[in-house]
1. I need a count of the residues in the range 1-20 that are part of a helix (DSSP H, G or I) and open to solvent by 80 Å² or more (accessible area, probe 1.4 Å).
2. Considering only residues that are assigned to a loop (DSSP other than H, G, I, E, B) and among the aliphatic types (A, V, I, L, M), look in the range 61-84 and name the one that is nearest to Leu14 (Cα to Cα).
3. Could you list, in sequence order, the residues of the range 24-61 that are small (Gly, Ala, Ser) and loosely packed, with under 14 Cβ neighbours inside 10 Å?
4. What's the number of the only condition in (1) touching a residue at least 24 places away in the same chain (Cβ under 8 Å); (2) touching a Leu at 6+ places or on another chain (Cβ under 7 Å); (3) not small (Gly, Ala, Ser) that Leu26 fails to meet?
Amino acid sequence: MLFASIYNGFAVGLAIVFMGNGVKVLMQEWRLDGQFIHFALVALIPLLFAVSLFFALQMFQNVSMAVGPIAQYFKNSRYYSAVLHVLPAFDAPHFFTPSLCISPPTCPHVQYFEPHAVLIFDTPHSLVEQARIPPDHM
């Protein structure tokens, strides 16, 4: 679940509360001295809203990182591998999984005419070269 939209909504609400508090102070000053010059500061509300929104976002993001949900850090996704893959069939002492990810770029409208035997033969050998494993350990 994406929590950023919820945090951003709370931050916007807090920034609106800040602006409302500023207008309340202007109203109190106007009631005390009766001068309308204080309301010239209302023209700065959009700028002040942007600045207060930045700080409100920082507050909510810092609190959410400190006490928020952290389940996504313990699950595998496309770009993050949190859990080591278990390969029980390869329990030889010299076997290990390389720390690299193969994600070849593909295009749906392009057809590749390379035979599968070449692909199947070349992929392990390129991994061996990348990992610098001696070929006798394959």
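1. Keep residues of the range 1-20 that are part of a helix (DSSP H, G or I), which gives 4-20.
Subset that is open to solvent by 80 Å² or more (accessible area, probe 1.4 Å): 5, 10, 16-18.
Qualifying residue count for the region: 5.
2. Applying the filter and picking the extreme gives Ile70.
3. Gly34, Ala40, Ala43, Ala50
4. (1)
The values are calculated or read from the model by the stated rules, or taken from the named source; none is laboratory data. All figures in this text were calculated on a predicted structure; none of them were measured in a lab. Methodologically, a virtual Cβ is constructed for each residue, glycine included, from the backbone with ideal geometry; neighbour enumeration extends over all protein chains shown. The protein model used for the area step is the full one, side chains on, heavy atoms only, and it has no ligands, DNA or RNA in it. Shrake-Rupley method; radii C 1.70, N 1.55, O 1.52, S 1.80 Å.
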